[in-house]
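*Asks:* The structure's right below; bear with me while I get my questions together.
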Amino acid sequence: MPAYRLSDEEYARILEFKRDLHMHPELSRQEYATTEKIRSFLQTLPDFRILPVKTGTGVWPRRFAHPPGTKVQREVPVWKV
């Protein structure tokens, strides 16, 4: 798969998101606001599905290389908090 290049707008949006997370740290295993911010951010992106996490904190997103329902489908784990 070829490398994906971010537009200036996408880069600025991600950078602002990262800065917001670092400005509002939470204690380990108590990252409820961080979890919600990450979940909300990922839901705005195309081709992402958020899988359930039993711990109450953390996010397990999956990105599809092709929209669900097509013959070629590949799930790629992105990050888990």
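The values are calculated or read from the model by the stated rules, or taken from the named source; none is laboratory data. The structure presented is a predicted model; accordingly, all values stated were derived computationally and were not measured. We place every Cβ from the backbone using ideal geometry, glycine too, and count neighbours over all the protein chains shown.
*Asks:* Being more than 20 Å from residue 6 (Cα to Cα), among the acidic types (Asp, Glu) and part of a helix (DSSP H, G or I) is the filter here, so list the residues in the range 18-52 that pass it.
*Replies:* 36
*Asks:* Only one residue in 67, 61, 77 is at pLDDT 80 or above and over 15 Å from residue 31 (Cα atoms), so which one is that?
*Replies:* 61
*Asks:* Can you pull out every residue in the range 32-56 that is over 26 Å from residue 12 (Cα atoms) and either at pLDDT below 80 or under 15 Å from the mean Cα position of the chain (by Cα) (or both)?
*Replies:* Result: 51, 52, 53.
*Asks:* Select from the range 1-46 the residues that are farther than 18 Å from residue 63 by Cβ and hydrophobic (A, V, I, L, M, F, W, C) and write down the one among them that is surrounded by the most Cβ atoms within 10 Å (Cβ to Cβ).
*Replies:* This residue is 21.
*Asks:* Right, next: Give me the pairs: first residue in the range 12-38 and touching a residue at least 24 places away in the same chain (Cβ under 8 Å), second residue among the hydrophobic types (A, V, I, L, M, F, W, C), beta-carbon distance under 7 Å, and six or more apart or on different chains, which are they?
*Replies:* 17/41; 31/81; 34/21; 34/81; 35/59; 35/81; 38/59; 38/81
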